[in-house]
Structure formats: structure tokens, C-alpha cells
Amino acid sequence: MIRKFYEPKDNEFFIKFVKFILPWSLKYLYEIKEIQIEQKDIEKLKALKNQRVILCPNHPTTNDPIIMFYLSKVIDYNFNYLAAWDVFVENPIQGYIIQHLGAYSIIRGTIDNDSFKKTIELIVKGKNYLVIFPEGDTNGLNEYIMPFQSGVIQLAFWALDELNKQNNLQNIFILPIAIKYKYLKDMKQEILLALKRIEQKLKIYNLQNENKDPYERLLAIAENLLTIAEKFYNLKRDLSLSFNERLTRIKEFIINKVATYLDIKLKDNMSLLNKLRTLFNVINSVIYKENNESNTTDYEKRLYQEKRQELINFYDDLHRVWKFIAIYEGYIKENPSDEKFLEVIKRIEWELFGKERRYGPLKAIIKIGKEINLLDYYQNYKKQKKETTEYLTNELENQVKELLLKID
């Protein structure tokens, strides 16, 4: 299999055109009617023009890249964007569009040398700001941040190494950004309609449901889904377990099943998320492996394709865990809001209907944190590479968390 790298093909005319129609796109394609950012944060972004800058937002939804594109319009400065390879392959038209807006591909969880080289090249040149989402994927939750991956900081330090080789050490700024979404109207009616659609799909709807509390109906849906999943994975119902314990048991069962097949020993002290990321990384490394050897026989190629298909079949299982990685009984009740209610509903709709439904109208709120200058840490990095990279990754993650807490 020859893997194609999708490089950025920034087209100035096309970028200007898409910026021109952006207000319409946000309103009608994304249901985003308002974007809020303080003037001091806009000035902070403008002040870093002509510097080497990596913008690092959280990644709650698939709307986030368009929000970052909006920022490029606001400050009248072009960005490049690191995007998942899957986006270019699964939706070629969308891939073509974002490629000409400055996006390029990375195969997550693999040693994607083409992508790494391009990232370092873009940072060293410093022509545009570079957007990288340190979580590596969307999580679907407004107030939850998955642990940041260290790749952003590592790539930036490699760019500093390159500048050092050129005897041209310069600042490289990492800028934390928080994005949060709020509905601009009461969403109770949309929630009730969604609950009805889901109940009908599960064949548990009746007119009496209309008189029940929406949260009670959601719990009944969750119980139904969990029971179905337990039967599907041949897990005997254990009455001594709480709902959350049963949910965790299924997540762990799926992860252990895939790990056993792949013959991977996962450390007991690893978080569920890190176990999941490890399995995705191993599967991706096989599925997207380049095989350009001329002496490979047709038989070997066929066996590889069979192996590849087997691993692809595990994607549904792992994505099932991913959808509900941070969901638990009480998630909504702790701090109830339309946003949290619909976050859970969207996860369930994705599972049942195969795709998420868009809800709106939305307001996107953006906050910019304090820049981190990697040059200030370069000497420490040369002495303690792993420790310095981990420290700055945690610093970046903590800043984004603090910014989210400041958004009402």
C-alpha cells in the first residue's frame, strides 16, 4: 500500500474567497450564529505576527477548525492546519478544500515522517501561524479535556534544533486557546424530540414517556443501550454492579479483547484513554503501513490485505469506547445544562444512527492564554528532553483548562 501525504497547498485567492463567505458558512452550515472573543485576545494574536507561532486549542467538536479559520480572518493572517489523514481520504472534496486553505495530513499514532518534516519546515519558515490540536481528536464534550499529547511540543523543539543547526535560534511561541460552545436559545424542545427519536429507534417509546422527566428518559435509554451491549459482548449481568461499574466493565472488556488479539500487554496503571490511544496507534501503524518493496509477492500482499481488514473491523469496537470515554451516570446531573444534555444525546445518536446531528443556534466563545516561548526552555530541553517536553505539555494543558473555567 502506498500511503499518500497530503501537503498544504495554500491558495491565496481561494482563502480570501472562503473568508468572504465565512459568515454565511458559519450560520447555515455550522449553526454558529455568534463568535465571542475579547479585543485584548485579538490584539495578543496580532502582536505575534511574523513570529513562529503554534496555536493549540482544545478540540471539543468538529466545528473547531472553522473557528480557528475565523480567527485567521479576524487578524487578517493565514494559518496552516494539521489535520487527520482520514479527513482527506474519507471525504476527498472536503480534503481538497481544506488542503487549499492550508491544511496538511498526519496519520495519528504513527511515525509519519512526511508530516513531521512538513511541520518542522513550516515552523522554521514561520510564514503562517500553525494550528495543532494537542488532544489529537475530538471528544464531543465542552468542559472535558483529554490529556494532551506531547507531540506538539516535541515537534516545536525539533524545529528549534533545526534553527540551531542554521545558527539562527529564534523564538517559537506556543499559544494556548480555549473554545467553548453555548446554545443561544432554550433547547428543551430539541431535547424532547431527540429523546423521542432515540426511543423509537430502540422500540421503547410510548406516549407515557412524554410525561416523564427528560433526565429520567435519558437514564432509561442509557440502561437499554448498556443491556444491549452486555448481551452483544456476552457479558453476564451482575446485579451487584452500579451503572458506572457496568459501563466501565464494557469499556475495559472491549479494550482487553482488542489488546489480546494484537498480543499487546497494556500496563495496569495506564488510564483507559491511554490504553485506547495505544491500540489505535498499533492498528494505524499496520493499516497505513507503506509497502513499496518490489520483491513482495502477490500472496504476501493478499495476506497483508486480509490482516488489514481484520484490524479495520476492530475500529467499530474502539470507537464505541471513544464515544463514551468520559461519559458516566451523573455527568449531566452534577452541573445540568442544555449543552451537557445534548452532548450525551449526540454521542448516543452517533452510536445508533451512525452520525452526529447538528444542533443550534450556537455561540462559540474563545479565550487566548499566555504564550509559552520554547526558546526559554531550550537549554533545559537539551539536558532533559523527555522531562522538559512533558513539563511543557502539562503546562499547556493546564492553561487551556484554566481558560475553559473562566468561560461562563
Restricting to the range 88-134, what's the tally of residues that are assigned to a helix (DSSP H, G or I), in contact with a helix residue (DSSP H, G or I) (Cβ under 6 Å, 6 or more places away or on another chain) and within 18 Å of Phe69 (Cβ to Cβ)? 3
Among the residues of the range 171-181, is there at least one that is out of contact with any Pro (no Cβ under 9 Å at 6 or more places or on another chain) and either charged (D, E, K, R) or over 28 Å from Leu71 (Cβ atoms) (or both)? no
All positions within the range 62-77 that are assigned to a loop (DSSP other than H, G, I, E, B) and under 26 Å from Leu392 (Cβ atoms): Ile75, Tyr77
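Within the range 230-258, how many residues are within 25 Å of the chain's Cα centre (by Cα) and under 15 Å from Arg320 (Cβ atoms)?
Number of matching residues: 12.
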Kindly indicate the residue of the range 264-281 that is free of Cβ contacts under 8 Å to residues at least 60 places away in the same chain and part of a helix (DSSP H, G or I) and also surrounded by the fewest Cβ atoms within 10 Å (Cβ to Cβ) among those meeting that condition. Leu272
If I go through the range 224-258 residue by residue, how many of them are at pLDDT 90 or above and either in a loop (DSSP other than H, G, I, E, B) or outside the structural domain of Leu273 (by TED's automatic domain parsing) (or both)? 7
Taking Phe341 and the conditions (1) in contact with a helix residue (DSSP H, G or I) (Cβ under 6 Å, 6 or more places away or on another chain); (2) assigned to a strand (DSSP E or B), which numbered condition does it fall short on, given that it satisfies the others? (2)
For the range 17-57, what are the residues that are more than 30 Å from Ile120 (Cβ to Cβ) and outside any helix (DSSP H, G or I)? Ile21, Leu29, Tyr30, Glu31, Ile32, Lys33, Glu34, Ile35, Gln36, Glu38
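To keep it simple, each residue is scored yes or no on (1) over 24 Å from Lys346 (Cβ atoms); (2) surrounded by 14 or more Cβ atoms within 10 Å (Cβ to Cβ); (3) out of contact with any Pro (no Cβ under 8 Å at 6 or more places or on another chain).
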position	(1), (2), (3)
Lys203	no, no, yes
Leu219	no, yes, yes
Leu226	no, yes, yes
Ile255	no, yes, yes
Leu262	yes, yes, yes
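Residue-by-condition table, conditions (1) within 22 Å of Ile177 (Cα to Cα); (2) in contact (Cβ under 8 Å) with a residue 12 or more places away in the chain:
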position: Ser115; (1), (2): no, yes
position: Ile120; (1), (2): yes, yes
position: Gly126; (1), (2): yes, yes
position: Ile132; (1), (2): yes, yes
position: Gly136; (1), (2): yes, yes
position: Tyr144; (1), (2): yes, yes
position: Trp158; (1), (2): no, yes
position: Lys165; (1), (2): no, no
Quick check: anything in the range 52-71 of a type in the set (S, T, N, Q) and more than 20 Å from Gln94 (Cβ to Cβ)? yes
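The values are calculated or read from the model by the stated rules, or taken from the named source; none is laboratory data. Quantities reported herein were computed from a predicted structural model and do not represent experimental measurements. Methodologically, a virtual Cβ is constructed for each residue, glycine included, from the backbone with ideal geometry; neighbour enumeration extends over all protein chains shown.
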